[in-house]
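S.K.: There's a structure below that I have some questions on.
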Amino acid sequence: MNICKIEITDPAFEQFLALPQRIYRDDPHHRVRPPEETRVLLDTQTNPCWKHARRALFLLERDGEAIGRIAAIQDSEIDRQHHKSDGFFGFFECIDDPVAARELTDAASRWLVEHGGGAAMRGPCTPLPDFYNFGILVEGFQERQVTGEAFNPEYYPSLIEGCGFQKEDDHYSFRNELDGNTVFEEMMQRLEHVLEKHGHGASLRPFDVTNFHRDAAIVCEVINRSFESESFYSMVDVETQEFMLRNIAPLDEMHWFRIMEENGRPVGVNLSAPNGDDLLFGETISGIRVENFGVLPEYQRSFAASSLYYDGWNQIRRAGYKNVYISYVHEKNAAMLRMSTSMGCRRTKTHRIYCKRL
């Protein structure tokens, strides 16, 4: 085996991009993302995250053929915000070979230690607007592919754990099949009754793409405030938030984004969009995915928050979609777990973040 550090300008980077096609070519449950999406994410000229983060890309070959890849990432902004010196790994792909997996994670570990991110290595996750690299799928391999959710072969958990990694935390995904879902309909009626009785407490409007920079700044402020206490969350600037929004949906689908305001003050956002991955299987889009949902802490138990919940679900129902997908709910996020089950959702997947002390 031969492992080497590469740059995106190297010819070997094309093998880095192409490797998922080999890993997943016979998997009926997954279609890989276009390689150009990965190129854009890793390009320091196009992705503003690299203004405060740096990375090393490693490609593992055997007999001249790529068999594994990994990225080691160190983010000075996350270190500053969380008073840590931890690193991350992402873009992990590997054949079913424990020796190959250890070669990859050892290379990433060494680089992090050498570059000041050596207290621990967590992953797969990256400080990028890229949920395809968030967690190892450990449950739900036969479930429908959803845009923005990570996927991997069933042998990946064993590979990662065999390299000395342990569970850090789990994140759950849910699916709500709306047709004939009596639990959902009963909850919508109760929400409607409560909001009619007590008032919505806030106004809702769609994201205005003609004022993209203004509304992106609003989303940035609300999301930062909503998740600032989360241990994994890194506060983002407006430029990065704009990049993230364009990764969630094209401009002509951003009317699904909703902004909640109270007395003219933005207090919540719902970033939902159609599940474009249905098209990869030759099907029409049948579902909406909830990419991000944030409410300022002081409003999270208010009728305003209930209004944002109700509006999102009702918007999907009126549009005639049959499925709703909610991704990456932290295992300790009691409020979101309650909301998901109370609306008749079914838990479909578990993604696990791993950690290894270095």
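We did not get these values from a lab; they are worked out from the coordinates using the rules stated. Predicted, not measured: the structure shown is a model, and the values here were computed from it. Reconstructed Cβ throughout: ideal geometry from the backbone, glycine too, with neighbour counts over all protein chains shown.
S.K.: What dipole magnitude, in Debye to the nearest 20, does the stretch 221-358 give about its Cα centre under +1 on Lys/Arg Cβ and -1 on Asp/Glu Cβ?
M.R.: Numbers: 17 positive and 17 negative charges, 170 e Å.
Using only the charged Cβ atoms, the result is roughly 820 debye.
S.K.: What does the helix-only formula give at 222 nm for the chain: each DSSP H stretch with n ≥ 4 adding -39500 (n - 2.57), the total divided by the residues, and the result rounded to the nearest 500 deg cm²/dmol? All intermediate terms of the calculation are to be shown ahead of the outcome.
M.R.: Working: 10 runs with 122 residues, N = 358.
Helices in the chain give a 222 nm mean residue ellipticity of -10500 deg cm²/dmol.
S.K.: Which one, 104, 156, 294, is farthest towards the positive end of the dipole of the chain when Lys and Arg carry +1 and Asp and Glu -1 on their Cβ?
M.R.: Of the options given, the answer is 294.
S.K.: Tell me, how many Å apart are the Cα centres for the stretch 210-248 and for the stretch 299-358?
M.R.: Each part reduced to its Cα centre gives a spacing of 19 Å.
S.K.: Then there is this: Among the listed pairs 5/332; 197/322; 51/356, which are separated by more than 31 Å between their Cα atoms?
M.R.: Values: 5/332 37 Å; 197/322 29 Å; 51/356 26 Å.
Going by Cα-Cα distance, 5/332 fall outside the 31 Å limit.
S.K.: Across the stretch 176-182, in residue order, what do the Karplus-derived ³J(HN,Hα) couplings come to in whole Hz, using 6.51 cos²θ - 1.76 cosθ + 1.60 with θ = phi - 60° and x for Gly and Pro?
M.R.: Ordered by residue, 3J(HN,Hα) equals 10, 8, 6, 4, x, 8, 5 Hz.
S.K.: Residue separation times 0.36 nm, minus the C-alpha to C-alpha distance between residue 5 and residue 233: what's the value? Walk me through the numbers before you get to the answer.
M.R.: Details: separation 228, 0.36 × 228 = 82.08 nm, distance 2.80 nm.
Fully extending the segment from residue 5 to residue 233 adds 79.3 nm.
S.K.: Under 5 Å between amide hydrogens, which residues at least 5 positions from residue 291 or on another chain qualify, with H placed 1.01 Å from N in the peptide plane?
M.R.: 271, 272, 273
S.K.: How far is helix 303-319 tilted, in degrees, relative to the longest principal axis of the Cα atoms in the chain, given as a value from 0 to 90 rounded to the nearest 10?
M.R.: Between helix and principal axis, roughly 80 degrees.
S.K.: Taking the Cα centre of the chain as origin, work out the dipole magnitude from +1 charges on Lys and Arg Cβ and -1 charges on Asp and Glu Cβ, in debye rounded to 20. Provide the component values of the computation, followed by the final result.
M.R.: Working: 40 positive and 55 negative charges, 148 e Å.
The dipole of the chain has a size of about 700 debye.
S.K.: To the nearest 20 debye, what charge dipole does the stretch 2-170 have about its Cα centre, counting +1 at the Cβ of each Lys and Arg and -1 at the Cβ of each Asp and Glu? Intermediate results must be reported in sequence, preceding the final value.
M.R.: Working: 18 positive and 30 negative charges, 86 e Å.
It works out to roughly 420 debye.
S.K.: Determine the sum of side-chain charges near residue 333: Lys and Arg each +1, Asp and Glu each -1, restricted to other residues whose C-beta is under 12 angstrom from that of residue 333.
M.R.: -2
S.K.: Further question on the same structure: What are the ³J(HN,Hα) couplings of the stretch 339-354, residue after residue, when phi is run through the Karplus curve with 6.51, -1.76, 1.60 and θ = phi - 60°? Round to Hz, x for glycine and proline.
M.R.: 4, 5, 6, 5, 8, x, 6, 10, 6, 10, 9, 10, 10, 10, 8, 10
S.K.: Let me ask something else. Dipole of the chain (Lys/Arg Cβ +1, Asp/Glu Cβ -1, origin at the Cα centre): which of 233, 216, 337 lies farthest to the positive side?
M.R.: The listed residue farthest towards the positive side: 337.
S.K.: List the residues of the stretch 267-307 whose backbone N lies under 19 Å from a point placed 7 Å from the Cα of residue 198 along the Cα-to-Cβ direction.
M.R.: Answer for this model: 267-269, 294-307.
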